[in-house]
Amino acid sequence: MENADTGPEILPKPDELLALHSVAQRLFETLREWFEIETTVTIDLKEIDSAVIELSSSTMIMAMAMRKLQALHLLSTPGVLTSTDIVISIVNDLDRALLQAPSMYLEREADMTNWDAAFAKMESDEVHPEDIPTAASEPDPEIEEFQVHHEALHLAVRAVVEISNGEIRYFQ
């Protein structure tokens, strides 16, 4: 809806979108920790095919996702103007990386584990039996928390689409 005198109507951001301010920060920090992402990442723009090797690297995939999380963090800040299509686009861009992140993290951890040292530690007094999972299907609290935060992105998109009645609307 547009008013000829004032321009397009600006809606207040739904609570679900505002909640992404802290959610994006938490996901950002988790990806940095899980994948040991440096504070500065360089991308190779020498030629069109330069990305082939970079984008097959879990570190680079997660670094690019972290950049999108920075944008989402900004857009979920109260007072910062955004629109329905921008929120949908950023969450869509993030979705695949965030879906893959837990399994990529576990695979990375398994590859980096010194299994002889890990088994020796299990036999020592350093590890309590109640801290050792008894089944492979036992949930990992850290990954469950990550997935809850990831789901918050979808809740925000639903709220934005619902409030905007499926149209491109502005939020502040």
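Candidates Thr30, Thr40: the one that is among the hydroxyl-bearing types (Ser, Thr, Tyr), at negative phi and outside any loop (DSSP other than H, G, I, E, B) is Thr30. The residue list Phe35, Phe119 contains one member that is of a type in the set (Phe, Trp, Tyr) and surrounded by fewer than 16 Cβ atoms within 10 Å (Cβ to Cβ), which is Phe119. Residues that are out of contact with any helix residue (DSSP H, G or I) (no Cβ under 8 Å at 6 or more places or on another chain), of a type in the set (D, E, K, R) and part of a helix (DSSP H, G or I) occur at least once in region 61-73. Within region 153-171, being of a type outside the set (A, V, I, L, M, F, W, C) and more than 22 Å from the chain's Cα centre (by Cα) holds for Glu162, Ser164, Asn165, Gly166, Glu167, Arg169, Tyr170.
All of the numbers you see were taken from the coordinates with simple rules; none came from a lab. Note that this is a predicted model, so its numbers are computed, not measured. Quick reminder, even Gly has a Cβ in these numbers, built from the backbone with ideal geometry, and neighbours come from all protein chains shown.
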